[in-house]
1. Looking only at region 26-42, decide whether some residue is among the aromatic types (Phe, Trp, Tyr) and over 15 Å from ASP14 (Cβ atoms).
2. Identify the residue in region 28-63 that is in a loop (DSSP other than H, G, I, E, B) and in contact with a Phe, Trp or Tyr (Cβ under 9 Å, 6 or more places away or on another chain) and, among all such residues, is nearest to PHE3 (Cα to Cα).
3. Collect the residues in region 114-131 that are over 22 Å from VAL5 (Cβ atoms) and either modelled with pLDDT under 95 or in contact with a helix residue (DSSP H, G or I) (Cβ under 7 Å, 6 or more places away or on another chain) (or both), keeping them in residue-number order.
4. Just checking, how many residues over region 102-118 are part of a strand (DSSP E or B) and within 17 Å of VAL45 (Cβ to Cβ)?
5. Under 8 Å between Cβ atoms, which residue pairs at least 6 apart in sequence (or on different chains) link something in region 8-23 that is under 18 Å from GLY113 (Cα atoms) with a partner that is among the basic types (Lys, Arg) and modelled with pLDDT of 95 or more?
6. Being surrounded by fewer than 17 Cβ atoms within 10 Å (Cβ to Cβ), assigned to a helix (DSSP H, G or I) and touching a Leu at 6+ places or on another chain (Cβ under 6 Å) is the requirement here; does ARG121 meet it?
7. Hey, among THR41, THR2, THR37, THR59, which residue is among the polar types (S, T, N, Q) and crowded, with 19+ Cβ neighbours inside 10 Å?
8. Is it the case, given these coordinates, that VAL114 is farther than 15 Å from MET77 by Cβ and of a type in the set (Val, Ile, Thr)?
Amino acid sequence: MTFTVSPEPWDSADGDRLRNDMEKELAARYGIPDQETDKPTAENVDVFLIARDAAGGATGCGALRLLPDGTGEIKRMYVSPDARGTGVATGILRALEEHARRRGVETVQLSTGVEQPDAIRFYDREGYRRTDGYGPYKGHPLAVCFDRRLT
């Protein structure tokens, strides 16, 4: 699959649709509505990326939030079901890592969940290390946290 990954406004129609699709999928997997208390917003993410296929269709997204301790947090990684397995997720992840490097971030971290085995396999495969968690995810029974040194 041919695709591009580039920054776009957080509140773009495609960004809203992709994040809403992600939230619906997670609600179905966990049987509960989104429980995140510190949600990413246009004001607190450093970059929001959208992947587009050759026809311009939005196929995935991801964001990077800079945390006070100097780490970066990967948020809202999502790929539409029909684009999974095509390299889109890896493209978004690598673009977020590169953005973090340019901002001087040495370590990125993220949280996924126990009901997302596909995401867990993806981050394991992409060289992320499982951790005990951070912030609101530390010790959370549904969270599976990862980090990766970028330098």
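1. yes
2. ALA54
3. Within region 114-131, GLU115 is the sole residue that qualifies.
4. Residues that pass the stated criteria total 4.
5. Listed by first residue and then by second, the contacts come to ARG19/ARG76; MET22/ARG76.
6. no
7. From the options THR41, THR2, THR37, THR59, the qualifying one is THR59.
8. yes
The values are calculated or read from the model by the stated rules, or taken from the named source; none is laboratory data. Not measured: the values here are computed from a predicted model. Methodologically, a virtual Cβ is constructed for each residue, glycine included, from the backbone with ideal geometry; neighbour enumeration extends over all protein chains shown.
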